Amino acid sequence: MSVAPYEAILQQFENLRLMVVGDLMLDEYVFGIVRRISPEAPVPVVEWTKESFVPGGAANVVNNLLALGAQVSVFGVVGDDEKGRTLTAHLAETGADVAGVLSEATRITTCKTRVIAHSQQVVRLDREQRHPLAEATQRELLRWVDASLPRAHAVVFSDYQKGVLVPPLVRELIARCSAHGVPVVANPKPPLLRHLSGAKLASINLLEAQAFAGSLGNDTEPQTLPQLRAAVHTWRQMLGLSALAITLGAQGILLSTGGEQPLHVQGMPVEVYDTAGAGDTVIATLACALAAGADWHTAARLANAAAGSVVRHVGVVPPQRDEILRLLAENHR
């Protein structure tokens, strides 16, 4: 199979300017070695050797978009602390426009610290506050979004339920994007789904779909492909979305776009080492492909290939375009 059509779409990503609004996080990795057990408690004593930081949450979506070639503006909130400054500086160094990253004195920067010894995770420490953004911060965030909307090709909502994408702000953002003719693509947690009416696409995974079904009072969680087909079609109409996607891991993507039957695009058969961050890769690729004018099937195929490329690596890594094309060529069916 010729990958030329996909390559042409990927090349157009360099002409795109996307905006990411959501919950910015910092993933911190502390590495060390264990030589003894603590005398204070039956836990290992980890002797520090090194540490590293990578963007997480909505910041990982930014990382993915940049790796795909797009220009990206970031909108979110960090704390007035060292981790917030580290995250903002890292995003700026990778090429993102961080003018819309606000500092709020009443918050701490969301940070997940993983302590790793001898290639095994010993413990994870989460530092976060989930209270909704102050109304003044919401208004300031809207002002920064308004300034960038006229140049944007798409807006991505990245929701990790840390207080940024609160329903009133989301509804106002969708209204302003619609007024400028800018499509909204969202990767929401189930509670936010009800507030995305007017968005072009929302993408959730299987566990989130089952959780959403439970929130509707359904006695049976959708498990089989026929059950999921019926659910995704019904939910898309109920939620007022142009399209709703359910990502199914190795089984690919199930996508309702308004046709009589949802579209099922098979996943790429790859050896999986780490699925962390794959959902961020899917939404980033879908956003770029749709903004570049790809049809739904092409966009979903590209997203599957991008996700397949990242799960073959250990740790959270961004997709590479040459690897995406190689997977598409290898899986031509």
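No lab work stands behind these numbers, since they all come straight from the coordinates. Note that the coordinates shown come from a computational prediction; the quantities given were computed from them, not determined experimentally. A quick note on method: Cβ atoms are made from the backbone with ideal geometry, for glycine too, and the neighbour counts reach across all protein chains shown.
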Review point. Does region 182-333 come out rounded, prolate or oblate by the C-alpha gyration tensor, with a ≥ b ≥ c the root eigenvalues, rounded set by a/c under 1.5 and, if not, prolate when a/b is larger than b/c and oblate if not?
Key: prolate
Review point. In nm, to one decimal, how far is the R17 label point from the S119 one, both placed 7 Å along Cα→Cβ?
Key: 4.6 nm
Revision key, fill the gap. Rounded to one decimal in nm, the spacing of the 7 Å Cα→Cβ label points at E323 and R85 is 3.3 nm
Review point. Got a sec? How would T281, T49 order by Cβ neighbour count within 10 Å, fewest to most?
Key: T49, T281
Exercise for review: Using Cα positions and a limit of under 30 Å, work out the lysines in reach of K50, with same-chain residues fewer than 8 apart set aside.
Suggested key: K83, K112, K162
Practice item. Let me have the relative contact order for region 102-230, percent, based on Cα pairs under 8 Å that are six or more residues apart. Key: 16 percent
Exercise for review: Classify region 75-137 as rounded, prolate or oblate from the Cα gyration tensor: take a ≥ b ≥ c as the square roots of its eigenvalues, call it rounded if a/c is under 1.5, otherwise prolate when a/b beats b/c and oblate if not.
Suggested key: oblate
Practice item. Take the Cα atoms of region 159-225, find their three principal axes, and give me the spread along each one in whole Å, biggest first. Key: 40, 26, 18
Exercise for review: Please compute P(r) over all alpha-carbon pairs of region 6-65, binned at 5 Å starting from zero, and give each bin as a whole-number percent.
Suggested key: 4, 14, 13, 12, 12, 11, 9, 8, 6, 4, 4, 2, 0
Point to revise | Likely footprinting exposure, M268, M25, M238, fewest C-beta neighbours within 10 Å first | key: M238, M268, M25
Point to revise | chymotrypsin sites (Phe, Trp or Tyr not before Pro) restricted to region 100-173 and DSSP loop, no more than 12 other C-beta within 10 Å | key: none
Check your understanding: Given that compact globular proteins tend to follow 2.2 N^0.38 Å, what is the ratio of the alpha-carbon Rg of region 1-117 to that value?
Key -> 1.40
**Study point:** Ranked I108, I174, I33, criterion: other C-beta atoms within 10 Å, fewest first
**Key:** I33, I108, I174
Check your understanding: How large is the dipole of region 6-60 about the Cα centre if only Lys and Arg carry +1 and Asp and Glu carry -1, each at its Cβ, rounded to the nearest 20 debye?
Key -> 180 debye
**Study point:** Cα centroid of region 1-55 to Cα centroid of region 68-88, whole Å
**Key:** 14 Å
**Study point:** Among V122, V98, V182, residue whose mean-square fluctuation peaks in a GNM of the chain (springs only between Cα atoms under 10 Å)
**Key:** V122
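Give me the Å³ per residue figure for the convex hull around the C-alpha atoms of the chain.
152 Å³
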